[in-house]
Amino acid sequence: MRSRITRATLAAAVLFLTGACATSEDWKVWREHTTHFASGEHGFFSLRNNKDGSNPKVYRSDIEDARNQNWWGIYAVTVSPTQIFQN
Amino acid sequence: MNRLGIAALMAALLLGSAASAMAAPEDGITPLDLYTTAKAKSLAATYRTQLLQFSEHIYHCLPWVGVTKNGIGFRQPKGAESDDRYLSVWISIDQADDGRFGTLPLQRRVSAMFSRYGVDMLRRMTQLTGIASDADVYGFSVILTWLKPDSDATRQPISETLALFIDKTSLRDFLAKRLPASEFTTRSTFNVFEGKDLVGRLPLEVWEDNFNSTFKLKNYELAKGQKC
C-alpha cells in the first residue's frame with residue numbers, strides 16, 4: 001500500500017516538474033495539436049517523403065513552417081522595429 | 001476514417017499549407033498605412049511591384065533567410081530629423097549550429113554576417129528597377145537577425161541583430177570597389193542589438209563572401225513557375 005502511494009506521489013511529482021516549465025501560451029499551443037504529427041504541415045511533409053530519407057524533397061513552405069513552428073512557444077528575444085526605425 | 005475522409009483531410013492540409021506559403025512574400029511588405037509621411041507613402045505605392053518581386057525572390061531563391069513581417073519598405077533610422085528614406089530589408093538568417101561561429105566574439109560575428117548576407121542584399125536592392133535612381137530614395141538599409149550561438153538552453157533564446165543604413169552614393173561606390181570597406185563602414189549608420197538591448201556601434205569589418213549568391217540548398221525543390 002505504502003509502495004503504491006509512493007509511486008503515485010512520484011508520478012505526480014514528475015508530471016508537475018515536467019509540465020511546470022511550460023507557459024500558458026505553450027500549453028495552449030500544445031492543446032491545439034494533440035495528434036501524432038505536430039501540425040498539418042508536419043504530417044504532409046512526412047507523408048510526402050520516405051521514412052528512410054531517400055529521395056527527400058523540401059519545398060519552400062516546409063522551411064517556412066519549420067521556422068514558424070520552431071519549438072512552439074519558445075521564441076527568441078529580438079529587438080523591436082520601433083528601436084530601429086521610425087516610419 | 002474512410003478513404004474519402006482521408007482525401008478530404010489531405011486536401012484541407014494542402015490548401016492550408018499552400019495558402020500560408022503564398023501569403024508569406026506579401027506579408028514582408030510594409031503596409032502603406034504604417035508610413036507617416038507623403039514621401040514614404042508615395043515611394044511605397046510607386047515601387048510596390050518591385051518590392052513584392054524582391055520579397056518573392058528572397059522567399060523562393062534564398063530559402064535559408066526569411067523576410068520578417070513588414071520587413072521590406074522605405075524606412076528611416078530612429079531619431080532621424082529629416083525625411084530621408086532608405087529602402088530597407090529585414091531578414092532573419094537560419095544559422096546552423098556551427099561551433100566555429102559560436103567561438104567568434106560578437107563584433108566578428110556581426111562582421112561575418114554583414115559580409116555574407118548584408119552586402120549581397122544591399123547589392124540586390126540597388127538592382128531593383130528605378131529605385132536607386134529615384135531622387136526621393138536617400139539610401140539603402142539592411143537589418144540582419146540571427147540566433148545568438150550557445151544560448152543557455154534553459155532560457156528563452158536571444159537574437160543578435162545588426163541594423164545598418166548607408167547613403168546610395170557611398171553604397172554605389174563601395175559596390176563598384178571605388179570606396180574601401182573601411183570608409184564604407186565609417187559612413188554607415190549602424191547599431192548592434194543583443195535581444196532587445198542596444199550594444200551600439202562595434203568595429204565592423206567587411207570582406208568578400210559570395211555564399212549568398214552561390215549556395216544551393218540540398219534537395220530543395222523550387223516552386224513551379226519560379227526562376228532564380
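State yes or no: is B:THR185 hydroxyl-bearing (Ser, Thr, Tyr), surrounded by 15 or more Cβ atoms within 10 Å (Cβ to Cβ) and within 27 Å of B:GLU56 (Cα to Cα)?
No: the conditions fail for B:THR185.
Given the residues B:LEU222, B:LEU128, B:LEU198, which is the only one that is within 14 Å of chain A (Cβ to nearest Cβ) and under 17 Å from B:TRP90 (Cβ atoms)?
Unique residue meeting the criteria: B:LEU198.
Can you tell me which residue within segment B:51-73, out of those that are part of a strand (DSSP E or B) and of a type in the set (A, V, I, L, M, F, W, C), is farthest from B:LEU222 (Cα to Cα)?
So, considering only residues that are part of a strand (DSSP E or B) and of a type in the set (A, V, I, L, M, F, W, C), the one farthest from B:LEU222 (Cα to Cα) is B:ILE72.
Out of the residues in segment B:74-120 that are more than 29 Å from B:GLN50 (Cβ to Cβ) and outside any helix (DSSP H, G or I), state the one that is modelled with the highest pLDDT.
B:PRO105
Being touching a helix residue (DSSP H, G or I) at 6+ places or on another chain (Cβ under 9 Å) and of a type in the set (S, T, N, Q) is the filter here, so list the residues in segment B:80-96 that pass it.
Result: B:SER88, B:SER92, B:GLN95.
Condition first: of a type in the set (A, V, I, L, M, F, W, C) and within 14 Å of another protein chain (Cβ to nearest Cβ). Now tell me which residues in segment B:170-195 satisfy that.
B:PHE190, B:VAL192, B:PHE193
Name the residues in segment B:198-228 that are more than 20 Å from the chain's Cα centre (by Cα) and free of Cβ contacts under 8 Å to residues at least 24 places away in the same chain, would you?
Across segment B:198-228, the qualifying residues are B:LYS218, B:ASN219, B:GLU221, B:LYS224, B:GLY225.
Take the residues in segment B:48-92 that are of a type in the set (Gly, Ala, Ser) and more than 11 Å from every other protein chain (Cβ to nearest Cβ); name whichever of them is nearest to B:THR189 (Cα to Cα).
Of everything passing the filter in segment B:48-92, B:SER82 is nearest to B:THR189 (Cα to Cα).
The values are calculated or read from the model by the stated rules, or taken from the named source; none is laboratory data. Since the structure is predicted, the reported quantities are computational estimates derived from the model, not experimental observations. Every residue, glycine among them, receives a Cβ derived from its backbone with ideal geometry; neighbour counts consider all protein chains shown.
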